[in-house]
Amino acid sequence: MTLERRTYEPGPRPVGPLDPSSIAVLLDVDGTLIEIAPTPQEVRVPPALKHTLSRLRDRLSGALGLVSGRPLSDLDRLFDPLRLACIGGHGAESRLTPNGLVVRSRTPPLDPELKRRLIAIAGDTPGVIAEEKDYSVALHYRLAPEAERTVRERIARVCADWPEKTAEVLPGKAVFEIKPRGFNKGVAIRELMRHPPFKGRRPIFVGDDVTDESAFAVLPEFGGMGFSVGRELAGAQGFFATPREVRRWLYDLMQGRDALPQAGYLRGRGIM
Ligand SMILES: [Mg+2]
């Protein structure tokens, strides 16, 4: 990889520093804030990151939120004792303020029989791990990358036994998530942005996966901006190279260095 100047392609870079009183920061978790582990249970959130997020939340008057595919209970466990506004389960559940009520999507969870048959795929495919969530099922094949095609085909066969609009399959990084249609991260962000402390602010969202594209898509409605991590994604204005670079930017923001991540505009190159 060369790091030559001529690879620089400026994006639609806004001028001037960020104003902490007018922005909201929304963050995907796995692959964005923290590195992806072999299994979702092995992920740990470093204490330094919790400290940064806690102080940043206060600087932004609470307008800091997590937007994840994990259930809310899982997010609280991971970030304990920190409490933040959260969108969990790809938008299935939201908590608009750190200690507020949890609002659940009116879309019903997946049919238990459909869940059971999806989980059974992991049961007889070595290295594939099923993660059952309230609303959905995730099948992780990070430990058995060769199983990707088989898993994808088996998911399609199982889902074909239900009406066409019942479920949608989100392909992630070494994971397929099967969730009901009717909610996604973008729809949930739109709702979040209607309420204080987010209302009237410009959201800056960071996410690393195709499941985050629904979030990038709604940002322009609020004058916001999206950044991807590790690669370019549709709807993102730029990207960070790694979760570590995201953490560094958050640390700077927490310290009062209110600038957009410059690395985000070196499109196609993961340099800072
Ligand atoms: Mg992610």
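Among the residues of the range 71-113, those identified as under 18 Å from Cys159 (Cα atoms) and free of Cβ contacts under 8 Å to residues at least 60 places away in the same chain are Asp111, Pro112, Glu113. Which numbered condition in (1) modelled with pLDDT under 95; (2) closer than 26 Å to Glu221 by Cα is the only one that Lys185 fails? Of the numbered conditions (1) modelled with pLDDT under 95; (2) closer than 26 Å to Glu221 by Cα, the odd one out for Lys185 is (1).
Here's the yes/no breakdown for (1) among the aromatic types (Phe, Trp, Tyr); (2) over 28 Å from Leu118 (Cβ atoms); (3) touching a helix residue (DSSP H, G or I) at 6+ places or on another chain (Cβ under 7 Å):
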| position | (1), (2), (3) |
| --- | --- |
| Lys173 | no, no, no |
| Ile204 | no, yes, no |
| Phe222 | yes, yes, no |
| Met225 | no, yes, yes |
| Glu232 | no, yes, no |
| Asp252 | no, yes, no |
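Considered as a group, the residues in the range 115-141 that are more than 18 Å from the chain's Cα centre (by Cα) and in contact (Cβ under 8 Å) with a residue 60 or more places away in the chain include one that is farthest from Val43 (Cα to Cα), and that residue is Leu118. Counting only helices (runs of 4 or more DSSP H) that sit wholly inside the range 138-245, those with at least 2 residues that are among the β-branched types (Val, Ile, Thr) and more than 13 Å from the ligand (Cβ to nearest atom) are 148-159, 185-192.
Looking at the range 142-158, is at least one residue within 20 Å of Ser68 (Cβ to Cβ) and modelled with pLDDT under 95? Yes, because at least one residue in the range 142-158 is within 20 Å of Ser68 (Cβ to Cβ) and modelled with pLDDT under 95.
Are there any strands (runs of 3 or more DSSP E) wholly within the range 19-103 with 1 or more residues that are over 12 Å from Phe198 (Cβ atoms) and either of a type in the set (Gly, Ala, Ser) or more than 14 Å from the ligand (Cβ to nearest atom) (or both), and if so which? Here the list reads 85-88, 93-95. Among the residues here, Ala160 does not qualify as closer than 22 Å to Thr39 by Cα and surrounded by fewer than 21 Cβ atoms within 10 Å (Cβ to Cβ).
The values are calculated or read from the model by the stated rules, or taken from the named source; none is laboratory data. Everything quoted here is computed from the prediction, not taken from an experiment. Backbone-built Cβ (ideal geometry, glycine too); neighbour counts: all protein chains shown.
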